[in-house]
Amino acid sequence: MTADADLPAPSDLAAMVTRLHRLLDERSDCPSPDEIREACNVLYSASLLKEEGRPVRARVLLAPPDAFTAASGPPDGIHAVRFTSSHPFTPNEIKRLSPAASYFHSLVAVWPDRDRGFRIWGILNTGPRWMNLVAGGRKPLGGDLDHPVIHVRDPGWLLFYRGYRLLAEWRGREFHGPRLDVFQSPLLNARFLHLRRRLVEEVSECCLPPTLGMDDYAELSHLISLQFVKRIVNLVRTSGHGGSMVLLPAGEAGLEATTRWIDCKYSAGPDEAGLRFRHLLQEIIRRVGQLCPEGSTLQQSWDVFRHSKDPELDRLEEAFFELARFFSDLMQVDGALVLDQRLRVLGFGGEIRVDRNVFQVDQAHDLEGHRRSAWNVQADGTRHRSVYRLCAVEPEVIGFVISQDSQVRMIANVDESVIFWMHTVV
């Protein structure tokens, strides 16, 4: 397949068809551009259907049957089930197969059959590890997948991938490249820097092995924390409910801001239970340090975290992500989940009652927030506007808002301007 990592994101369907054809044209039996265009139209039509009242969701792989071995399967491989005879590639057939090829676990596999165009030749079971890219998770991805994949995500919404790398989105009348991964934002890194250094210092003398430097331990805690927040956001997003989460300054400043600006229907007491995230994170970095050889780099420690089969690390991961699920459940209650920057629960069901209107909000088009464009605030709902107002009066607050249609925004105050980043989702 042609290397395409440095190519610009396709700007319309014609460019997307050209890109997909380029990924497949090394094979003599590859689909023609017209066949690929028709496949996109079939899947767009399928996205508008419903299966027993639910939107059709599916991942469709463009690859031949001989691309996969017969004896493999999750979690480290791909299990290919080949039909004895191929089936028509139509919107209704995708609808019928979508429950069997569960969106988060499997793919529908298609490839042209002589002069009959694309046909459905089987189902591939990948397992859910690919979701770790956006949902957080310690385990590495399953089997290698270097073919075009088209996700039928929601009505009128297709996402185009090369394997697990997002190339572009087609949503309604809009066609654009992948949005930003807000968890790579320098702002998140900078705002939490002093807290993660303090977290490491608390345990450095008593129980952190000297296999890593203090700066590497601090950065490792940042990477693992991002996995935690990703998990919260993704669990809310996939619930179809939507919600908002605001991170206030740690300590008295956060408590004062909560008292001043947010009415929490359910407030949490300031006891040791509120520090569970912090204690688990310290235990995880301690265990990773024990598993690393002396003199390990940050990358080596991250690899240990992701790949180790250590039972204690497995237990800590389970506890860590169960806490993330608990936080996501708190967001199912109407109102905001209110945390401080140590991810300590201050309350939930929070009503933000800032009486200052925000008329100017910008959308950031790069992670640094340098490229921006004005956004029509009146087009947004109550959740978004309330977090805009909170960020306007409390510049240290960071907010995440998840819409019912699965869109995710990170909102912050940068140089006295409220801006948001639209986050890439699957």
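The values are calculated or read from the model by the stated rules, or taken from the named source; none is laboratory data. Please read all numbers here as calculations on a predicted model, not as lab measurements. So basically every Cβ, Gly included, is an ideal-geometry build from the backbone, and we count neighbours across all protein chains shown.
Just a few scattered comments:
A quick yes/no check of all residues on (1) in contact with a Pro (Cβ under 6 Å, 6 or more places away or on another chain); (2) modelled with pLDDT of 95 or more; (3) surrounded by 16 or more Cβ atoms within 10 Å (Cβ to Cβ); (4) over 24 Å from LEU167 (Cα atoms):
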| residue | (1), (2), (3), (4) |
| --- | --- |
| ASP25 | no, no, no, no |
| CYS30 | no, no, yes, no |
| ARG54 | no, no, no, yes |
| ARG57 | no, no, yes, no |
| ASP66 | no, no, no, yes |
| GLY73 | no, no, yes, yes |
| GLU93 | no, yes, yes, yes |
| ARG119 | no, yes, yes, no |
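- Enumeration of residues in segment 32-52 that are touching a helix residue (DSSP H, G or I) at 6+ places or on another chain (Cβ under 7 Å), more than 15 Å from LEU167 (Cβ to Cβ) and not acidic (Asp, Glu): PRO33, ARG37, VAL42, SER45, ALA46, LEU49
- Residue under evaluation ASP334, criteria (1) buried (at least 18 other Cβ atoms within 10 Å of the Cβ); (2) at pLDDT below 95, criterion not met: (1)
- Residue that is more than 17 Å from the chain's Cα centre (by Cα) and buried (at least 16 other Cβ atoms within 10 Å of the Cβ), where the choices are THR211, THR238: THR211
- Some residue of segment 244-253 being buried (at least 17 other Cβ atoms within 10 Å of the Cβ) and farther than 30 Å from ASP380 by Cα: no
- For segment 152-182, a residue qualifies if it is of a type in the set (Phe, Trp, Tyr) and without any contact (Cβ under 8 Å) to a residue 60 or more places away in the chain, and the qualifying residues are TYR161, TYR164.
- Test: residue in segment 42-49 that is over 20 Å from LEU159 (Cβ atoms) and buried (at least 19 other Cβ atoms within 10 Å of the Cβ): no
- Any pair with Cβ under 9 angstrom, 6 or more apart, that starts in segment 247-263 at a residue that is among the β-branched types (Val, Ile, Thr) and ends at one that is in a loop (DSSP other than H, G, I, E, B): ILE262/GLY335; ILE262/ARG353; ILE262/VAL354
- Residue ID - farthest from VAL414 (Cα to Cα), chosen from residues in segment 190-203 that are surrounded by 15 or more Cβ atoms within 10 Å (Cβ to Cβ) and of a type outside the set (Lys, Arg): VAL203
- Test: residue in segment 154-177 that is more than 29 Å from ILE232 (Cα to Cα) and at pLDDT 95 or above: no
Quick grid of which residues meet (1) of a type in the set (Lys, Arg); (2) in contact with an Asp or Glu (Cβ under 9 Å, 6 or more places away or on another chain); (3) surrounded by 19 or more Cβ atoms within 10 Å (Cβ to Cβ); (4) on the phi < 0 side of the Ramachandran plot:
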{"residue": "VAL233", "(1), (2), (3), (4)": "no, no, yes, yes"}
{"residue": "LYS265", "(1), (2), (3), (4)": "yes, yes, no, yes"}
{"residue": "ARG276", "(1), (2), (3), (4)": "yes, no, no, yes"}
{"residue": "HIS307", "(1), (2), (3), (4)": "no, no, no, yes"}
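- Among the conditions (1) of a type in the set (Gly, Ala, Ser); (2) without any contact (Cβ under 8 Å) to a residue 60 or more places away in the chain; (3) in a loop (DSSP other than H, G, I, E, B), the only one that GLY369 does not satisfy is (2).
- Identity of the residue in segment 258-277, closer than 30 Å to ASP405 by Cα and assigned to a helix (DSSP H, G or I), that ends up nearest to the chain's Cα centre (by Cα): PHE277
- Filter pass, PHE83 being of a type outside the set (D, E, K, R), surrounded by fewer than 17 Cβ atoms within 10 Å (Cβ to Cβ), within 29 Å of the chain's Cα centre (by Cα) and more than 18 Å from GLY156 (Cα to Cα): no
- Residues that are touching a Phe, Trp or Tyr at 6+ places or on another chain (Cβ under 8 Å) and modelled with pLDDT of 90 or more, drawn from segment 178-204: VAL182, SER185, VAL200
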